[in-house]
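Notes follow once the structure below has been shown.
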Amino acid sequence: MNDKVLFVYNAVPDDKRINCYSECITMNNVVQISHILSRKGYEIVHLNLRSPAQLQEFIYTKGPFLIAFCIAEGFLALPSTLYDGSGTPWVRQLLENISIPATHSSAAAMRICRNKDETYRVLAAAGIRIPVHSLIKPKMGFIDQQLSNIDRIIGYPLFVKPSGSGNSIGINDNSLVNSRVELKTQIDYILSQLDDSSILVENYLPGREYTIGIIGNKKKLVLPILGFPPHGGILTTQVKKSSSTKRQEQEVITSEDPRYWRLYKLAVDTFHAVGAQDILRIDVREDESGTPMVIDVNGTPSLSPSGSLPYMAAQTGISYDDLLAYILNTALERVYSKEVADVTG
């Protein structure tokens, strides 16, 4: 069988990984992932994705491929695709159009995951609890009228975040707002960073936050769950990037804990509701009464060695090398009915 794997990603130098490029993978991590998958017996063909035309030409000239190991969030030459929710599904739609199977979820599922208002709509329809929220659409104008509706329907305190971006892009210490003035200021900040991005405004959930990782399709592996410190503040990009040095402050919740099974069901239900494949990371936060609500669904969770997903996998004895192979093999099983090696012990 053809063993060529197309490795599709967005990478920029470390000093460029800010604002809309903050979700891009590091060059060192590109090399690391490539070496690991090569050691598993695959021929890895690199594509640092810049444009739709580049992707199509590359496949026609370098293919065929067994599968695309695809973690690209969009196109480097079209920066807005990296944060407005369009990039991840667009990349996958192009791959699907050319009949190249890919890891992670389909274009349809990624459209849901990468647009938080759509995520909430789908989850609510499935009976999954979400925050009360409203979508601000700057392109429509009438911002003051939209804010008045939020004042009337939701009230304060509120949490403000871009609708289409991940990795806490557009989130800072001022994302929690307590008045119309603070809300307008934070909206202006997001628009200064991300142009005319739609903005999600939701009631602030004061309880504890958790992140949950799932790998699999018919058979799902729900990794040990990470509980962030109570009253630990806002998880900004900077906090997430430094989280590897604060792991001792995070609680690892395993299957021996009753909370694991409550969050397990919520995560699996979410996985099914959005139509996910292969891998998903779900962020959950409790309201004032301790009820967990889904606040984010990430179809392309970070695979940085210091990221939450590899850390959670390590708690169950899965090495970083085996995690990457497991993700790839999970996708191959889905596409080709190939057996996945059991790395869970």
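The values are calculated or read from the model by the stated rules, or taken from the named source; none is laboratory data. Predicted, not measured: the structure shown is a model, and the values here were computed from it. Cβ sites come from the backbone with ideal geometry, for glycine too, and all protein chains shown count toward neighbours.
Data for the structure
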{"read-out": "Matching option when the condition is at pLDDT below 95 and β-branched (V, I, T), among V284, V343, V297", "value": "V343"}
{"read-out": "All positions within the stretch 63-108 that are of a type in the set (D, E, K, R), under 24 Å from V31 (Cα atoms) and in contact (Cβ under 8 Å) with a residue 24 or more places away in the chain", "value": "E73"}
{"read-out": "Among (1) modelled with pLDDT of 95 or more; (2) surrounded by 22 or more Cβ atoms within 10 Å (Cβ to Cβ) - the single one R121 does not satisfy", "value": "(2)"}
{"read-out": "Test: residue in the stretch 45-66 that is closer than 29 Å to T270 by Cβ and either touching a Pro at 6+ places or on another chain (Cβ under 6 Å) or surrounded by fewer than 21 Cβ atoms within 10 Å (Cβ to Cβ) (or both)", "value": "no"}
{"read-out": "Residues within the stretch 16-50 that are free of Cβ contacts under 8 Å to residues at least 24 places away in the same chain and either assigned to a strand (DSSP E or B) or closer than 24 Å to S197 by Cα (or both), tallied", "value": "3"}
{"read-out": "Test: residue in the stretch 56-76 that is closer than 30 Å to K161 by Cα, over 17 Å from the mean Cα position of the chain (by Cα) and not in a strand (DSSP E or B)", "value": "yes"}
{"read-out": "Breaking point among (1) within 23 Å of N329 (Cα to Cα); (2) at pLDDT below 95; (3) among the charged types (D, E, K, R), for D14", "value": "(1)"}
{"read-out": "Index of the failed condition, G85 passing every other in (1) of a type outside the set (A, V, I, L, M); (2) at pLDDT below 95; (3) more than 30 Å from N149 (Cβ to Cβ)", "value": "(3)"}
{"read-out": "Residue list for the stretch 75-114, filter: closer than 18 Å to F58 by Cα and acidic (D, E)", "value": "E96"}
{"read-out": "Count of residues meeting criterion [within 19 Å of F228 (Cα to Cα) and touching a residue at least 40 places away in the same chain (Cβ under 8 Å)] in the stretch 308-338", "value": "7"}
{"read-out": "Qualifying residue in the stretch 227-246 (condition: at pLDDT 95 or above and closer than 26 Å to L324 by Cα)", "value": "yes"}
{"read-out": "Check on N29, surrounded by 13 or more Cβ atoms within 10 Å (Cβ to Cβ) and on the phi > 0 side of the Ramachandran plot", "value": "no"}
{"read-out": "All positions within the stretch 83-115 that are surrounded by fewer than 22 Cβ atoms within 10 Å (Cβ to Cβ), more than 22 Å from S198 (Cα to Cα) and small (G, A, S)", "value": "S99, S106"}
{"read-out": "Yes/no for T270 being in the same structural domain as L323 (by TED's automatic domain parsing), within 14 Å of the chain's Cα centre (by Cα) and modelled with pLDDT under 95", "value": "no"}
{"read-out": "Residue that is of a type outside the set (D, E) and on the phi > 0 side of the Ramachandran plot, where the choices are G207, G216, G227", "value": "G216"}
{"read-out": "Residue within the stretch 139-156 that is assigned to a loop (DSSP other than H, G, I, E, B) and surrounded by 13 or more Cβ atoms within 10 Å (Cβ to Cβ) present", "value": "yes"}
